[in-house]
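See below for the structure under consideration.
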Amino acid sequence: GGKPIKTFDFPAIVKTRLFRWSSDGKSLIYIDRTSQTHNLWEQPLDGSPPKQLTFFESGQIWKFELAKDGQSFILSRGNESSDVLMISDFK
């Protein structure tokens, strides 16, 4: 309960509910999904601009976790694909 301490107007890029606190507790880390290429970004709680943490040129990030050392992270990433098949004269 009570009034919020800090609020952010996250842009439309944040299409996930997957956020993590930084190891120092001073920022939130999230996935930027503006395009087919996903990257991790960090939003400081002091209101300063977000900072890009990864610089992938392809692929999507599905999940991520911060390492206990606070300096690295583990993530799963890849590409989403689907095939369309037409089956005719099926018996």
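The values are calculated or read from the model by the stated rules, or taken from the named source; none is laboratory data. As the structure is a prediction and not an experimental result, all values here were calculated from the model. Note: areas computed on protein heavy atoms with side chains; ligands, DNA, RNA excluded. Shrake-Rupley method; radii C 1.70, N 1.55, O 1.52, S 1.80 Å.
Structure above, values below:
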item	result
Candidates 36, 71, 60: whichever shows maximal mean-square fluctuation once the chain is modelled as a Gaussian network with Cα springs under 10 Å	71
Top of 61, 31, 74 by mean-square fluctuation, Gaussian network on the chain, Cα under 10 Å	74
Carbon/sulfur fraction of accessible area - the range 41-91, other protein chains in place, 1.4 Å, %	53
Mean accessible surface per residue for the chain, computed with a 1.4 Å probe while every protein chain stays in place, in Å²	81
